[in-house]
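In what follows, a structure is listed as structure tokens, so that the remarks can point back to it.
Where a number appears in this text, it was derived from the coordinates with a stated rule and is not lab data. All of these numbers come straight from a predicted model, not from anything done at the bench. Here the Cβ positions follow ideal geometry from the backbone for every residue, glycine too, while neighbour counts run over all protein chains shown.
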Amino acid sequence: MTKKYLYSPWRIDYILGEKPDDCVMCRAMASQQDQENLIVYRAKFSYIMLNRYPYNNGHLMIVPYVHKSALNDLDLQTWQEVTELIRVCEKAFKLAYHPEGINIGINLGSAAGAGIAEHVHIHMVPRWNADSNFMSVIGGERVIPEAFESTFNKLRDAILRVMNDNG
Ligand SMILES: [Zn+2]
């Protein structure tokens with residue numbers, strides 16, 4: 001059996017050229033365009049962004065600023081802030097969406113389903129009894145009736161309100 005190769009001479013520029021840091025999480029963090037990148041909140045060691053390919057309305061991700069693939073590679077301050085942001089987002093979901101449940105999940109490694117395995121992040125998805133079950137949700141079924149702009153504003157306002165209330 002002969003192996004076939006795609007002949008793409010323009011790729012030599014890419015192969016020999018300097019590699020861009022192609023991490024979506026790092027790129028969003030470095031950009032100033034928070035709304036465009038769906039970053040709803042920036043904390044000291046981490047930020048909160050909407051998932052561009054959400055499993056449900058309001059699907060958030062909490063992302064440490066550091067580019068690490070394992071929870072144990074995060075320093076304690078970062079980990080503490082990330083876990084505190086989980087509680088902030090729980091409250092913000094309740095204010096903005098009154099969900100009947102919330103899925104909170106971390107996929108470590110692509111074998112576990114991580115889309116961006118090299119930069120650890122925590123998913124938070126508001127749920128309602130009328131939703132399809134979680135397995136069919138993570139299986140790729142996506143029903144997103146609300147526009148990103150509306151979700152962005154609603155969740156940003158709710159997060160800021162929770163932050164204010166928490167002092
Ligand atoms: Zn990264």
* **Diffusion coefficient, µm² s⁻¹, Stokes-Einstein with Kirkwood Rh over alpha-carbon pairs of region 29-166 at 4 °C and 1.567 mPa s** => 85 µm²/s
* Asked: Tell me, what ³J(HN,Hα) does each residue in region 112-120 have, in order and in whole Hz, if you take phi through Karplus 6.51 cos²θ - 1.76 cosθ + 1.60 with θ = phi - 60° and put x for Gly and Pro?
  -> 8, x, 5, x, 10, 6, 7, 9, 4
* **Packing-based exposure ordering (other Cβ within 10 Å, fewest first) of GLU100, GLU118** => GLU100, GLU118
* Asked: What ranking do PHE93, PHE148 get, fewest neighbouring Cβ atoms within 10 angstrom at the top?
  -> PHE148, PHE93
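State, as an integer percentage, the relative contact order of region 29-166 based on alpha-carbon contacts under 8 Å between residues 6 or more apart.
30 percent
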* What residues of region 72-116 lie in the reach of a label at SER150, counting those whose backbone N is under 19 Å from a point 7 Å from the Cα along Cα→Cβ? -> 93-100
* **Full-extension gain in nm, ARG87 to MET163, via 0.36 nm per residue minus C-alpha separation** => 26.3 nm
* Per q in 0.22, 0.27 1/Å, what log10 I(q)/I(0) does a Debye calculation on the alpha-carbon atoms of region 67-112 return? -> -0.87, -1.00
* Asked: In nm, to one decimal, how far is the modelled label at HIS98 from the one at ARG52, with both set 7 Å along Cα→Cβ?
  -> 3.3 nm
* Would you mind putting 76-85, 56-65 in packing order, based on average other-beta-carbon counts within 10 Å, highest first? => 56-65, 76-85
